[in-house]
Amino acid sequence: MKPKHIIYASSIGLVLVILVLFYQIPTNSEDINLDMNRKIGTIDTSLGSPIRGSSNAPITIIEFGDYQCPNCKKWFLNTKPDIVTNYIETGKAKLIFVDIAFLGKDSIPASIASYCAEEQGKYWDYHGFLYSNQLSIDNGWANSDSLKGYAYNLGLNMDMFVSCLDSAKYQKRVQFNTSEAQNNGVTGTPTFFIVGPDGFQETVVGPQPYSVFEKIIESML
């Protein structure tokens, strides 16, 4: 067992790292998450996406994904729309996306870009644009020029966006989220944790159909 003073020092170090990450998050978007205590079930989502849906929704769906993951795109196109319509828009569930950027060299920049878009209140628009335009891993669709092109198409302030992306402003945020995925045993994408109002959580691995999510969510309501 480690000496208490070493454990204490480690804890202080972790707090300092989190504080540094926190103060890198800007405050000029209505949706930017500033809750550094947003631990849901076993998962620290404090540096993940802004919440999609009502923050008071009893069910939380946490998606661990990589923007270059083809199965994530499959879930985005085939399953997510029904979940949004039947659970998120009705206030029964909320969705949080947490990056596990590991599939290729463009995975981390794509995640960084999503948080650069969040600065301008466009996280979920940019998130959707990435999956809608996804091609094969590292073939250029998510390189720096492409990521800037998507921002332009969404009408973002390009000076702000380019400065954010080129500086890799949110790289530590993405690394924190990837570590959180690994800490929770995530080995592939997409992986979902569905957390009920009592803190009980179930794991869903892969682009499962709507019926799988419906059964779990209904059992928790």
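The values are calculated or read from the model by the stated rules, or taken from the named source; none is laboratory data. Since we're looking at a predicted model, the values are computed, not measured. Neighbour counts run over all protein chains shown; Cβ positions are idealised from the backbone, glycine included. Just the protein is used for accessible areas: all its heavy atoms, side chains included, with ligands, DNA and RNA removed. Shrake-Rupley method; radii C 1.70, N 1.55, O 1.52, S 1.80 Å.
Among the residues of the range 108-119, are any outside any helix (DSSP H, G or I), touching a residue at least 60 places away in the same chain (Cβ under 8 Å), under 20 Å from residue 43 (Cβ atoms) and touching a Phe, Trp or Tyr at 6+ places or on another chain (Cβ under 6 Å)? Let's see the steps before the verdict.
Just the residues of the range 108-119 that are outside any helix (DSSP H, G or I), to begin with: 119.
Narrowing further to those that are touching a residue at least 60 places away in the same chain (Cβ under 8 Å): 119.
Checking the rest, the ones that are also under 20 Å from residue 43 (Cβ atoms) come to none.
Within the range 108-119 (the criterion being outside any helix (DSSP H, G or I), touching a residue at least 60 places away in the same chain (Cβ under 8 Å), under 20 Å from residue 43 (Cβ atoms) and touching a Phe, Trp or Tyr at 6+ places or on another chain (Cβ under 6 Å)), the answer is no, since none of the residues qualifies.
Among the candidates 66, 82, 106, 125, single out the residue that is crowded, with 24+ Cβ neighbours inside 10 Å and of a type outside the set (Lys, Arg).
Numbers: 82 fails: crowded, with 24+ Cβ neighbours inside 10 Å; 106 fails: crowded, with 24+ Cβ neighbours inside 10 Å; 125 fails: crowded, with 24+ Cβ neighbours inside 10 Å.
Step by step, each of 66, 82, 106, 125 is checked, and only 66 is crowded, with 24+ Cβ neighbours inside 10 Å and of a type outside the set (Lys, Arg).
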Study note, to complete from the structure: Residues of the range 137-193 being of a type in the set (A, V, I, L, M) and either exposed (fewer than 14 other Cβ atoms within 10 Å of the Cβ) or assigned to a loop (DSSP other than H, G, I, E, B) (or both), in sequence order, are 137, 142, 154, 156, 158, 168, 186
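For the range 207-221, give me each residue that is open to solvent by 10 Å² or more (accessible area, probe 1.4 Å) and either more than 19 Å from residue 73 (Cα to Cα) or in a loop (DSSP other than H, G, I, E, B) (or both). Let's see the steps before the verdict.
Taking the range 207-221 and keeping what is open to solvent by 10 Å² or more (accessible area, probe 1.4 Å), we get 207-212, 214-216, 218-221.
Selection gives 207, 208, 209, 214, 215, 216, 218, 219, 220, 221.
Scan the range 85-103 for residues that are touching a residue at least 12 places away in the same chain (Cβ under 8 Å) and open to solvent by 50 Å² or more (accessible area, probe 1.4 Å) and jot them down. Before the answer, list the steps.
Taking the range 85-103 first, the residues touching a residue at least 12 places away in the same chain (Cβ under 8 Å) are 86-89, 91-103.
Passing the criteria: 86, 89, 92, 102, 103.
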